[in-house]
1. Within the range 69-89, which residues are surrounded by 13 or more Cβ atoms within 10 Å (Cβ to Cβ), within 19 Å of residue 59 (Cα to Cα) and over 19 Å from the mean Cα position of the chain (by Cα)?
2. What do you reckon, is residue 267 within 18 Å of the chain's Cα centre (by Cα), in a helix (DSSP H, G or I) and crowded, with 16+ Cβ neighbours inside 10 Å?
3. Against the conditions (1) at pLDDT below 85; (2) farther than 30 Å from residue 191 by Cβ, where does residue 269 fall short? Just the number, please.
4. Out of the range 144-186, which residues are surrounded by fewer than 18 Cβ atoms within 10 Å (Cβ to Cβ) and under 19 Å from residue 231 (Cα atoms)?
5. Given 287, 208, which one is free of Cβ contacts under 8 Å to residues at least 24 places away in the same chain, out of contact with any Ser or Thr (no Cβ under 6 Å at 6 or more places or on another chain) and of a type in the set (Lys, Arg)?
6. What pairs come up if the first residue lies in the range 225-244 and is in a loop (DSSP other than H, G, I, E, B) and surrounded by 12 or more Cβ atoms within 10 Å (Cβ to Cβ), the second is modelled with pLDDT of 90 or more and not hydrophobic (A, V, I, L, M, F, W, C), and their beta carbons are under 7 Å apart, counting only those six or more places apart or on different chains?
7. Working only within the range 134-153, note down all residues that are touching a residue at least 60 places away in the same chain (Cβ under 8 Å) and either on the phi > 0 side of the Ramachandran plot or in contact with a Phe, Trp or Tyr (Cβ under 7 Å, 6 or more places away or on another chain) (or both).
8. State which residue pairs qualify: first residue surrounded by 11 or more Cβ atoms within 10 Å (Cβ to Cβ) and inside the range 272-283, second residue of a type in the set (Ser, Thr, Tyr) in any location, beta carbons under 9 Å apart, and separation of 6 or more residues or different chains.
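The values are calculated or read from the model by the stated rules, or taken from the named source; none is laboratory data. Since the model is a prediction, treat every value here as computed from it, not as a measurement. Backbone-built Cβ (ideal geometry, glycine too); neighbour counts: all protein chains shown.
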Amino acid sequence: MESRDATFFEDAFPMKDTPSTSSQESFVPHEPIIPVIHVEPSNIENPIDEDIEDADYWKEAIRNEMDSIIANGTWKIVERPYGCKPVGYKWYKARLVAKGYTQKEGDDFFDTYSPVARLTTIRVLLSLAASHDLIVHQMDIKTAFLNGELEKEIYMEQPDGFVVSGQKGKVCKLLKSLYGLKQASKQWHEKFDKTLTSAGFIVNEADRCVYYRYGGGAGLRKSKIFLSKNFEMKDLGMTDVILNIKLLREDDGGITLVQSYYVKKMLSRFGFSDCKSAQTPYDSSVRLRKN
C-alpha cells in the first residue's frame with residue numbers, strides 16, 4: 001500500500017542550472033510477454049533453503065522488518081484472553097502481514113475507508129511547480145502503516161522464529177496497525193492527518209490527501225525536520241520518479257512526465273530489455289480479409 005498522501009509547499013527554492021534531457025526512446029514488445037519466474041521466499045523458513053537465490057539478503061530483510069516493528073512498539077506480549085482467537089499472520093516476501101480476512105466487522109474493526117490522492121491532483125501540483133519554477137521534493141515514510149493507532153483490541157500470534165524467550169504460548173496485543181489489517185490504511189491516514197494539522201498544515205478542500213503550508217525554503221527544511229521527528233523518514237531530495245512516472249525538468253523550467261520509464265522497468269522485469277521494437281502492436285505482415 002503505497003500511500004499517496006502528498007505535502008505541497010507553495011514556496012520553495014527556484015530551479016536553477018537544471019540540465020535538459022534528450023528525447024525518450026519508445027519500446028514495444030514484438031512478441032507476447034512470457035513471465036520470468038524468480039523464486040522468492042513466502043515465509044520465514046524459505047530464505048534458509050540453499051536453493052533460494054540471495055538467501056542472506058532475504059534473511060537480513062526479514063530481520064530489518066522485525067527490528068522496525070519492535071522499535072515502533074507495534075505490540076506487547078500478553079497472556080491470551082479467555083475465548084480469544086488471535087489473528088493469524090504470514091510473511092509476504094520480507095514483510096509481516098496480519099491475516100485481516102479473519103477479522104470480524106464490529107468486533108475487530110468498524111470503518112476501513114481511507115482517501116487516496118488522485119493522479120489528477122498530482123498533475124495539477126506538478127503543473128503549478130512548473131508554472132512558478134518551483135522545486136519539488138519528495139520523502140518516503142518507512143513502514144507507514146505501522147504508525148496507525150488502533151481503536152479496537154486485536155491479538156495476533158507470535159511470529160515463528162521470533163517468539164520471545166520464556167513467553168511461548170502468549171500472544172501479541174497490537175498497539176499499532178500492521179499491514180494486512182482491515183483498518184490499517186484508515187488508521188494510518190488519521191495519524192498522518194492529525195500530525196500535519198497539529199503543525200499548522202491546512203487540508204485542501206478539493207483533495208483531502210493534499211496539505212499545504214506557507215514558509216518558502218526555510219519552511220521546507222523545517223517541515224522535513226518535523227516529519228522526521230514524528231515518523232521514520234527517508235529524504236529522497238528532488239523528485240525524480242513519482243508513482244512510476246519519471247519527472248524531467250527542462251531548461252525553461254517546464255516538467256515533462258515520462259511513462260517510458262515504467263515501460264522499460266516492465267521490459268527488464270520480464271526479460272525483454274533487448275527486444276526489437278515494432279511500429280504496430282500487431283504483426284503488419286498479416287493480411288486481413290473481409291468476411
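1. Selection gives 89 alone.
2. Numbers: within 18 Å of the chain's Cα centre (by Cα): no; in a helix (DSSP H, G or I): yes; crowded, with 16+ Cβ neighbours inside 10 Å: yes.
Answer is no for this residue.
3. Result: residue 269 passes all but (1).
4. Once the filter is applied, which keeps residues that are surrounded by fewer than 18 Cβ atoms within 10 Å (Cβ to Cβ) and under 19 Å from residue 231 (Cα atoms), the range 144-186 yields 149, 175.
5. That would be 287, the only listed residue that is free of Cβ contacts under 8 Å to residues at least 24 places away in the same chain, out of contact with any Ser or Thr (no Cβ under 6 Å at 6 or more places or on another chain) and of a type in the set (Lys, Arg).
6. Between residues of the range 225-244 that are in a loop (DSSP other than H, G, I, E, B) and surrounded by 12 or more Cβ atoms within 10 Å (Cβ to Cβ) and residues that are modelled with pLDDT of 90 or more and not hydrophobic (A, V, I, L, M, F, W, C), the close pairs are 239/137; 239/138.
7. 135, 141, 143, 144, 145, 147
8. Close Cβ pairs satisfying both conditions: 278/284.
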